[in-house]
């Protein structure tokens with residue numbers, strides 16, 4: 001465990017563990033941490049990525065430009081190869097996010113091609129396909145064997161989405177699934193009227209992530225959950241997936257959809273109505 005004037009690994013790791021559950025609090029913790037360790041450039045780079053994650057794009061771009069200049073001029077950092085490499089990778093990822101939201105697809109494609117080892121395989125494939133399609137370098141054909149997400153980016157097929165959700169989060173999935181009375185079609189219909197919105201996260205390169213509350217919507221390892229997420233192409237209502245998530249995601253600002261649950265309950269036939277229908281009685 002390293003404790004010195006430049007960084008504190010334990011405190012940094014604690015903030016990173018907090019990041020996925022509560023990025024807004026993680027932002028504040030990073031700000032406090034950096035006041036004590038202003039020379040920790042790994043933390044500074046990660047802080048910029050947190051700003052991107054919570055959609056604070058203007059500040060993220062400003063901090064990104066300042067940090068790039070600082071890193072270039074910092075001799076101490078250049079002597080620590082491991083940490084310098086970590087800073088470089090984080091900044092490349094942040095730059096890709098900035099290029100994506102700025103719709104600079106030619107530059108984004110060039111960045112991913114120049115630094116292929118920085119990006120996950122699936123991210124590389126999707127970014128390259130999407131950029132090439134928008135730049136007119138490939139012609140999209142829904143009948144070709146493209147990745148599912150890319151197809152959703154391009155034509156936003158609801159039936160394909162429902163099949164995807166049922167296949168991955170249907171009742172046969174024992175680890176994470178939606179409950180049988182969770183009306184995915186009604187939910188998607190409603191969600192599309194609420195997004196795009198600023199109330200979302202931007203953790204990767206092409207998709208916004210929205211958190212919704214719908215009590216009893218699903219099960220995670222046989223434990224009832226009241227929350228689900230929706231991933232959509234950034235700045236659009238082109239939904240890629242709908243997925244149940246654990247209740248500890250409650251700390252992330254969610255949009256309450258429980259009115260749909262009440263709507264569903266009100267439309268549910270009573271026992272008398274079920275009896276009359278079964279025996280063809282009025």
Study note, to complete from the structure: Sole miss for residue 217 among (1) modelled with pLDDT of 90 or more; (2) more than 27 Å from residue 25 (Cα to Cα); (3) in contact with a strand residue (DSSP E or B) (Cβ under 8 Å, 6 or more places away or on another chain) is condition (2)
Check your understanding: Any idea which of (1) surrounded by fewer than 19 Cβ atoms within 10 Å (Cβ to Cβ); (2) within 23 Å of residue 81 (Cβ to Cβ); (3) in contact (Cβ under 8 Å) with a residue 12 or more places away in the chain is the one residue 25 doesn't satisfy?
Key -> (2)
**Study point:** From the options 235, 216, residue that is assigned to a strand (DSSP E or B) and at positive phi
**Key:** 216
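The values are calculated or read from the model by the stated rules, or taken from the named source; none is laboratory data. Remember, it's a predicted structure, so these values are computed and weren't measured experimentally. Glycine gets a Cβ as well: all are built from the backbone with ideal geometry, and neighbour counts include every protein chain shown.
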